Amino acid sequence: MLFVIRCLDCGHAAPFMPRSMHCPNCNSQWREAEYNLEEVAKTFPAALKDRSFDLWRYRELLPIHSPNPTLRLGEGGTPLIKAANLGNMLGLPNLYIKDERQGPTSSFKDRQAAVTIAALKEGGVTEMVAASTGNVAIALSAYAARAGIKLWAFVTSLVPGVKMREIALYGSQVVKITGSYDQAKQVAAEFARQRGLYQDMGARTVTAVEAMKTIAFEIAEQLTMEAGAPGSMTGGASKWRTPDWYVQAVSGGMGPLGVYKGFRELKQLGLIDRIPALVPIQAEGCAPMVDGWKRGLEKAEPVLSPNTRIETLATGDPGRTYTMLRRQVIETNGVFESVTDDDAFRAMHVLAKLEGISAEPAAGAAFAGLFKLVRNGVINSTDTVVVNCTGHTLPAEQFLFDDNWTRDVDYPRVMAQSETPQEGLLAALNNVTPNRFPRVAVVDDSPEARRLIRRILQSQGDFEISEAADGREAIELVTRERPDIVILDLMMPEVDGFAVLDALRGKPETANIPVIVATAKELTVNEKSRLQGQIQSLMQKGDFLNDDFLDEVRSLIR
């Protein structure tokens, strides 16, 4: 046998019985799968070369005796996308997105559901109970339907109706609880106890944690292939690559627990040298783990009344999961961090506009946490970072936008015979676009930075944008064009931003043009003093990624 289930409290090892939710020796619910890695190493990873790139590629390290192909929906094998645009603006050339939106039900919970349902089907379970904030119940419902297992899904009234309807569509019974997620879990547990049904218990569910390991396995392989190392996917590479940081938004914390275990097993197999630093991100309105971390507590104090609009992050009592995850964060030199709901929603916009990725609010929180850590100097420009984009957003919620998110165009219903359709359309668009645009000059020696600043501005409004690639060109451009505002990079060769400022301020015709200085450099006291009274705003490159930048531009050109 390649694996046993070992109790984390008494150490007792026993065969895996999917119906059993307790240690047979001490009755603890906290257990994990333990593999005969010496035996696994004889065929792994050489056997990978003949396998599809999906979750079951790593079957030797999953707690299933005989994986059933008929239950599969294409789980795992999600892309690792290099975030070139976002990375450029953050000064992180090695930023990657693990795109878990591309699972069968569009979230990373598909991994949990695939392995859990496979184990329950193998164990003869026909009915189960789960409490969920939405994604888990949707994923379990899809796989349970395929396996012929009845699911009772207990959800809070905060879960969007569209998610509840999707759960019901698969044939699951939705039980809506008017209360918190922790209260929904209590009701679900009592229901399961009274009926003698199997209950999914999140981080205490062996198959759930094991499923999340496959994220780590895939990241290590994909980074190795990205680097052009000889054949990680053909079994030829002696070592796989790992990122410096793994960032994920958490509610109960099960995801990073599993990811850590995956990297730990790869290290025990000799395939990697180190485990990346873990970065769990929470919403400020429900951040018991972050609060416990910052106060140095080994046990988190529950948040009794979560105050966040991101319902998937609303676990007020993480229980023992925090204690375990805290130990792993310390071991890997990671950090817990929290962000506001507004930070998360803003990050959703940024991610969509720069990378074409529409992510759920929880994933938005992960990216907002990344922005915060980069700005605080915790994550450095030379680091390799992977962010888990945990799921796809619903049809975009109205609260994400202001009242002016659309513009109305009355297309002429009847056109003159001499008028072509193209002319009619252009005439209609003229009703939307003013004849004269606010004019912006962008000065930066990096074409990528200029392109991204242009993209951000154009996505937010109608700007007439001119560009200069160096200081001399900038002085000529601004003198000639007289823009309404200049966005100026300081660090340029030969004629730098300081010299450009001196030249502009020395000419009456350009002396009063507002300037926003944008730099990725940490300025010295003397450098800041040189800018005093010369500019309207000083912004780090990362600050392009929030609405303050655009508000600053609008306020100066009004």
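The values are calculated or read from the model by the stated rules, or taken from the named source; none is laboratory data. Bear in mind that the values here come from a model prediction, so they are computed numbers and not experimental data. Here the Cβ positions follow ideal geometry from the backbone for every residue, glycine too, while neighbour counts run over all protein chains shown.
Worth a mention:
- Candidates Ala314, Ala237, Ala227, filtered to the one that is within 17 Å of the chain's Cα centre (by Cα) and modelled with pLDDT under 95: Ala314
- Filtered by the rule that a residue be within 12 Å of Ala277 (Cα to Cα) and either free of Cβ contacts under 8 Å to residues at least 60 places away in the same chain or more than 10 Å from the chain's Cα centre (by Cα) (or both), segment 380-394 gives Asp383, Thr384, Val385.
- Among (1) part of a helix (DSSP H, G or I); (2) touching a helix residue (DSSP H, G or I) at 6+ places or on another chain (Cβ under 8 Å), the one test that Leu271 misses: (1)
- Qualifying residue in segment 372-394 (condition: modelled with pLDDT under 85 and over 30 Å from Ser466 (Cα atoms)): yes
- Tally of residues being in a strand (DSSP E or B), modelled with pLDDT of 90 or more and β-branched (Val, Ile, Thr) across segment 147-166: 1
- Failed item in (1) surrounded by 20 or more Cβ atoms within 10 Å (Cβ to Cβ); (2) modelled with pLDDT of 95 or more, with Asp244 passing the rest: (1)
- As a summary of the residue check, Leu271 satisfies the conditions (1) touching a residue at least 40 places away in the same chain (Cβ under 8 Å); (2) under 25 Å from Ala300 (Cα atoms); (3) in contact with a Phe, Trp or Tyr (Cβ under 9 Å, 6 or more places away or on another chain) except for the one numbered (2).
- Only one of the numbered conditions (1) hydrophobic (A, V, I, L, M, F, W, C); (2) closer than 30 Å to Gly123 by Cα; (3) at pLDDT below 95; (4) within 20 Å of the chain's Cα centre (by Cα) is violated by Leu48, and that is (4).
- Exclusive hit being of a type in the set (A, V, I, L, M, F, W, C) and within 19 Å of the chain's Cα centre (by Cα), set Met324, Met348: Met348
- Only helices (runs of 4 or more DSSP H) whose full extent lies in segment 470-537 are considered here, and the ones with at least 2 residues that are at pLDDT 90 or above are 471-481, 497-505.
Every residue, every condition in (1) in contact with a strand residue (DSSP E or B) (Cβ under 9 Å, 6 or more places away or on another chain); (2) farther than 19 Å from Thr315 by Cβ; (3) of a type outside the set (S, T, N, Q), yes or no:
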position	(1), (2), (3)
Asn135	yes, no, no
Ala145	yes, yes, yes
Gly148	no, yes, yes
Phe154	yes, no, yes
Val159	yes, no, yes
Val162	no, yes, yes
Glu166	no, yes, yes
Ser172	yes, yes, no
Thr178	yes, no, no
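- Checking each residue in segment 456-468 for being modelled with pLDDT under 75, surrounded by 14 or more Cβ atoms within 10 Å (Cβ to Cβ) and of a type outside the set (A, V, I, L, M) picks out only Gln460.
- Between Ala189, Ala144, Ala208, the distinction of being under 17 Å from Ser251 (Cα atoms), modelled with pLDDT of 90 or more and either under 28 Å from the mean Cα position of the chain (by Cα) or surrounded by fewer than 21 Cβ atoms within 10 Å (Cβ to Cβ) (or both) belongs to Ala208 only.
- Meets criteria (modelled with pLDDT under 95, surrounded by 15 or more Cβ atoms within 10 Å (Cβ to Cβ) and closer than 21 Å to Lys109 by Cα) for Pro18: yes
- All positions within segment 350-365 that are outside any loop (DSSP other than H, G, I, E, B), touching a residue at least 60 places away in the same chain (Cβ under 8 Å) and not small (Gly, Ala, Ser): Val350, Leu351, Lys353, Leu354, Glu355
Quick grid of which residues meet (1) charged (D, E, K, R); (2) in contact (Cβ under 8 Å) with a residue 12 or more places away in the chain; (3) under 16 Å from Lys82 (Cα atoms); (4) not in a helix (DSSP H, G or I):
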site: Phe345; (1), (2), (3), (4): no, yes, no, no
site: Met348; (1), (2), (3), (4): no, yes, no, no
site: Phe367; (1), (2), (3), (4): no, yes, yes, no
site: Val378; (1), (2), (3), (4): no, yes, no, yes
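- Listed conditions (1) under 20 Å from Val339 (Cβ atoms); (2) under 16 Å from the mean Cα position of the chain (by Cα) are all met by Pro243, apart from (1).
Conditions (1) aliphatic (A, V, I, L, M); (2) within 22 Å of Leu48 (Cα to Cα); (3) modelled with pLDDT of 95 or more, marked per residue:
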position	(1), (2), (3)
Leu257	yes, no, yes
Gln268	no, yes, yes
Ile272	yes, yes, yes
Gln282	no, no, yes
Ala287	yes, no, yes
Val290	yes, no, yes
Arg295	no, no, yes
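- Residues in segment 106-132 that are surrounded by 23 or more Cβ atoms within 10 Å (Cβ to Cβ) and hydroxyl-bearing (Ser, Thr, Tyr): Ser107, Thr116, Ser132.
- Selection count where residues are out of contact with any strand residue (DSSP E or B) (no Cβ under 9 Å at 6 or more places or on another chain) and in contact (Cβ under 8 Å) with a residue 12 or more places away in the chain, scope segment 323-342: 3
- Within segment 286-326, being in a helix (DSSP H, G or I) and either closer than 25 Å to Leu394 by Cβ or among the aliphatic types (A, V, I, L, M) (or both) holds for Met289, Val290, Glu311, Thr312, Leu313, Met324, Leu325.
- Residue in segment 327-342 that is touching a helix residue (DSSP H, G or I) at 6+ places or on another chain (Cβ under 8 Å), outside any loop (DSSP other than H, G, I, E, B) and over 27 Å from His392 (Cβ atoms) present: yes
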